[in-house]
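To keep things clear, I will list the structure first and then write my remarks on it.
The values are calculated or read from the model by the stated rules, or taken from the named source; none is laboratory data. Model, not experiment: these values are computed from the prediction. As a convention, Cβ positions derive from the backbone with ideal geometry for all residues, glycine included, and neighbour counts pool all protein chains shown.
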Amino acid sequence: MAGEERVVKLKIDNVRKVYNSQNGEVIALNGVSLDIYENEFITVVGPSGCGKSTLLNIIAGLEKTTSGKVFCDDQEIMDTGTERGVVFQQYALFPWLTVLGNVKFGLSLQGMKKEKADEIAMKYIRMVDLEDFVNSYPKELSGGMKQRVAIARAYAANPSVLLMDEPFGALDAQTRTQLQEELLHTWEKEQKTCFFITHDVDEAIILGQRVIIMSARPGRIKEVVDINIPYPRSQETKITPEFLEAKNYIWSQVYKEYLEVRK
Amino acid sequence: MKRVVKIVINQTLKTKNKSNVKKTPMTKSNWVEKIPSNLWVLISLVVAIVIWTILSIIPNTSRSFPNIFYVSESVVTMMQRGVFWSDIASSLISVLVGFLIGFVISLPVAVLMAWYRPIRFIIEPWIQFVRNIPPLAYVPLVVISAGVGRTPQIIVITIATFLTMSITIYQGVRNIDPTLIKAARVLGAKDKDIFLKVIAPASLPFIMTAIRLGTAIGLTSLIAAESTGASAGLGMRIRALNNTFEASPMLLYIIVIGVIGLIFERLVKLLERRLTGWQEKRE
């Protein structure tokens, strides 16, 4: 991959975010700069409180920076936009809508005709293997199924950037590995720029082309680690020497940050 | 060796105990579940009638609890007096109209309180303050301005239902999961969409709760509302019967109010099941 050919999709330029709390100012992010390339899979790890969710919210347009700018396709991000989809840890499905209703929520908002919206929604429901649950309500689904719906919903709106905030964090280990593989498959088929937050180092390496290690208080980028393991990756990748080497290295760096936070 | 044996015995004892403990509630719930719920309603009714009959025999309580036959008979008496149906109709009109006006006002007030903090800070303490005052206390004030008749009745019920419903709906709207709003925004929802497609459906369960509470409050403030010089009505009639010491029709009217409350609750539940069946927790 020659650096020159790659298009910068997201440009994070010297972002600073300060919250005013009762105990004074809290610096959530400080001097964060990063270029994310088109169709790149970026994973972010770091201790809780390192501002990784804040960074995701800023890219999504859900929060504003205190200073610094974020660009998507050279356009400054001022608000949410359908070219940037988000998958939340808590699924955030609309409980009053069926699986189909949830997946086509964004399409209906765009004023798409019902038949067209149904067709596109069905395509993504099939992609996540939930065609038998089209008319089920979220309360009838397991956690893993709910997150599949959320992923289908994000995909159906056809964003070019997919922002994921610990999407598999609430799932059991087995479901998590399964969804990781599914996500990789989907990403290989329909390439999108992915920005994936996790606290699971294994997950960060198996998914990402680059792993961003963040440090806490104030949140900033500590290191960017290239993962040169070719795709398609699978669970077997986890026993390769490259994987283990990356895991040891990243884990030791992250662990230092955990200790730092505990001080 | 001995030790081992002991341990084994201990363990078998333990497991025996455990299975015993498990079995007792199982058998207990079994016979409870064997009786269908309809039959339980009937049993409950029979028990109530038996207690009622006992109360009607004990001299100390018999004057307040006339025999069930006298009470049933008083339906005919009240019909002959030509007031039974008109009393029910009059009360229903007051409660339903008062409730509807209260509901229509409480909806926008609740949303405004949830949406704009200044409005919340100004209005909420007063709603909480007045809510704790029994309607009977402010009835005379209402009568001074609104006179006697239907109007003050409706005003009293409107006030009482509005206070409860606005607080219930407002708290519901405030408790809507903020990630749902975020999820809608990133899918391209504007403020109008968020209101119509997220806030409104997410508030529906709380609106249903408010309706249930509102109808109940409307009914319980009926006696207060009808102490405004009403010419008919269940509450007014109970007070009138009090003056002539007619216990049987009084008890009958009290039961009628209870039955109306029961019917309201059933209707609301039916509506709830149709509209908010998607909810995670049910009952």
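I'd like the full set of residues that are within 13 Å of another protein chain (Cβ to nearest Cβ) and on the phi > 0 side of the Ramachandran plot, limited to the stretch A:116-140.
Passing the criteria: none in range.
Mind checking which residues of the stretch B:262-276 are surrounded by fewer than 13 Cβ atoms within 10 Å (Cβ to Cβ), over 11 Å from the mean Cα position of the chain (by Cα) and not charged (D, E, K, R)?
Answer for the stretch B:262-276, where residues must be surrounded by fewer than 13 Cβ atoms within 10 Å (Cβ to Cβ), over 11 Å from the mean Cα position of the chain (by Cα) and not charged (D, E, K, R): just B:L270.
Scan the stretch B:181-197 residue by residue and report those that are more than 12 Å from A:G85 (Cβ to Cβ), among the hydrophobic types (A, V, I, L, M, F, W, C) and at the interface with another protein chain (Cβ under 7 Å from one of its Cβ atoms).
Of everything in the stretch B:181-197, just one residue is more than 12 Å from A:G85 (Cβ to Cβ), among the hydrophobic types (A, V, I, L, M, F, W, C) and at the interface with another protein chain (Cβ under 7 Å from one of its Cβ atoms), namely B:A189.
Here are some residues: B:F69, B:F99, B:F84, B:F103. Which one is crowded, with 20+ Cβ neighbours inside 10 Å and without any contact (Cβ under 8 Å) to a residue 24 or more places away in the chain? Lay out the reasoning, then the answer.
Numbers: B:F69 fails: crowded, with 20+ Cβ neighbours inside 10 Å; B:F99 fails: without any contact (Cβ under 8 Å) to a residue 24 or more places away in the chain; B:F103 fails: without any contact (Cβ under 8 Å) to a residue 24 or more places away in the chain.
Answer to the selection: B:F84.
So, of the residues in the stretch A:4-21 that are aliphatic (A, V, I, L, M) and within 17 Å of A:P218 (Cα to Cα), which turns out to be surrounded by the fewest Cβ atoms within 10 Å (Cβ to Cβ)? Before you say what the answer is, go through the steps one by one.
So the first thing to find is which residues in the stretch A:4-21 are aliphatic (A, V, I, L, M), and the list is A:7-8, A:10, A:12, A:15, A:18.
Right, trim to within 17 Å of A:P218 (Cα to Cα) and you get A:12, A:15, A:18.
Details: A:I12: 22, A:V15: 25, A:V18: 15.
Taking the candidates together, the pick is A:V18.
So, in the stretch A:147-165, of the ones that are part of a helix (DSSP H, G or I) and either within 11 Å of chain B (Cβ to nearest Cβ) or of a type in the set (F, W, Y) (or both), which residue ends up nearest to A:T177 (Cα to Cα)? Before you say what the answer is, go through the steps one by one.
First pass over the stretch A:147-165, keeping only residues part of a helix (DSSP H, G or I): A:147-156.
Then drop every residue that is not either within 11 Å of chain B (Cβ to nearest Cβ) or of a type in the set (F, W, Y) (or both), which leaves A:150, A:153-156.
Working: A:A150: 17, A:R153: 20, A:A154: 20, A:Y155: 20, A:A156: 23 Å.
Of everything passing the filter in the stretch A:147-165, A:A150 is nearest to A:T177 (Cα to Cα).
Which condition does B:D177 not pass, out of (1) more than 14 Å from chain A (Cβ to nearest Cβ); (2) under 30 Å from A:Q110 (Cβ atoms); (3) not hydroxyl-bearing (S, T, Y), if it passes all the others?
It fails just one condition, (1).
Looking at (1) buried (at least 21 other Cβ atoms within 10 Å of the Cβ); (2) touching a residue at least 40 places away in the same chain (Cβ under 8 Å); (3) within 14 Å of chain A (Cβ to nearest Cβ); (4) not β-branched (V, I, T), can you tell me which one B:L204 breaks?
So B:L204 meets the others, but not (1).
Which condition does A:I212 not pass, out of (1) part of a helix (DSSP H, G or I); (2) closer than 18 Å to A:L10 by Cβ; (3) among the β-branched types (V, I, T), if it passes all the others?
Only one criterion in (1) part of a helix (DSSP H, G or I); (2) closer than 18 Å to A:L10 by Cβ; (3) among the β-branched types (V, I, T) is unmet by A:I212, namely (1).
Here are the criteria: (1) among the aliphatic types (A, V, I, L, M); (2) away from chain A (no Cβ under 14 Å); (3) buried (at least 21 other Cβ atoms within 10 Å of the Cβ). Tell me which single one B:A240 does not satisfy.
(3)
Which pairs have Cβ atoms under 6 Å, sit 6 or more apart or on different chains, and link a residue in the stretch A:180-208 that is more than 20 Å from A:N57 (Cα to Cα) and not assigned by TED's automatic domain parsing to the domain that holds A:M145 to one that is modelled with pLDDT of 90 or more and among the small types (G, A, S)?
A:I205/A:A246
Residue-by-condition table, conditions (1) of a type in the set (G, A, S); (2) more than 19 Å from A:V134 (Cα to Cα):
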{"residue": "A:I77", "(1), (2)": "no, yes"}
{"residue": "A:F88", "(1), (2)": "no, yes"}
{"residue": "A:Y91", "(1), (2)": "no, no"}
{"residue": "A:S108", "(1), (2)": "yes, no"}
{"residue": "A:K113", "(1), (2)": "no, no"}
{"residue": "A:A117", "(1), (2)": "yes, no"}
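Are any of the residues in the stretch A:168-179 in the same structural domain as A:S33 (by TED's automatic domain parsing), part of a helix (DSSP H, G or I) and without any contact (Cβ under 8 Å) to a residue 24 or more places away in the chain?
Filtering the stretch A:168-179 for residues in the same structural domain as A:S33 (by TED's automatic domain parsing) gives A:168-179.
Still in the running and part of a helix (DSSP H, G or I): A:173-179.
With without any contact (Cβ under 8 Å) to a residue 24 or more places away in the chain added as a condition, the list becomes A:173-174.
There is at least one residue in the stretch A:168-179 that is in the same structural domain as A:S33 (by TED's automatic domain parsing), part of a helix (DSSP H, G or I) and without any contact (Cβ under 8 Å) to a residue 24 or more places away in the chain.
Tell me which of these A:A92 doesn't satisfy, since it passes every other one: (1) at positive phi; (2) surrounded by fewer than 19 Cβ atoms within 10 Å (Cβ to Cβ); (3) in contact (Cβ under 8 Å) with a residue 12 or more places away in the chain.
(2)
What are the residue pairs meeting all of these: first residue in the stretch B:34-62, first residue within 20 Å of B:A247 (Cβ to Cβ) and without any contact (Cβ under 8 Å) to a residue 12 or more places away in the chain, second residue part of a helix (DSSP H, G or I) and hydrophobic (A, V, I, L, M, F, W, C), Cβ atoms under 8 Å, and 6 or more apart or on different chains?
B:T61/B:L55; B:S62/B:L55
Quick check on this structure: which one of A:S53, A:S48, A:S67, A:S136 is under 24 Å from A:T198 (Cβ atoms), surrounded by fewer than 18 Cβ atoms within 10 Å (Cβ to Cβ) and among the hydroxyl-bearing types (S, T, Y)?
On the way: A:S53 fails: surrounded by fewer than 18 Cβ atoms within 10 Å (Cβ to Cβ); A:S67 fails: under 24 Å from A:T198 (Cβ atoms); A:S136 fails: under 24 Å from A:T198 (Cβ atoms).
The match here is A:S48.
Any idea which of A:G219, A:G143 is within 14 Å of chain B (Cβ to nearest Cβ) and modelled with pLDDT under 90? Lay out the reasoning, then the answer.
Values: A:G219 fails: within 14 Å of chain B (Cβ to nearest Cβ).
Sole residue among the options that is within 14 Å of chain B (Cβ to nearest Cβ) and modelled with pLDDT under 90: A:G143.
Would you mind listing the helices (runs of 4 or more DSSP H) fully within the stretch B:128-244 where at least 1 residues are among the β-branched types (V, I, T) and more than 17 Å from the chain's Cα centre (by Cα)?
Details: elements: B:135-146, B:150-174, B:178-186, B:191-194, B:200-220, B:222-225, B:234-243.
Because the criterion is at least 1 residues that are among the β-branched types (V, I, T) and more than 17 Å from the chain's Cα centre (by Cα), the helices (runs of 4 or more DSSP H) in the stretch B:128-244 that meet it are B:135-146, B:150-174, B:178-186, B:191-194, B:234-243.
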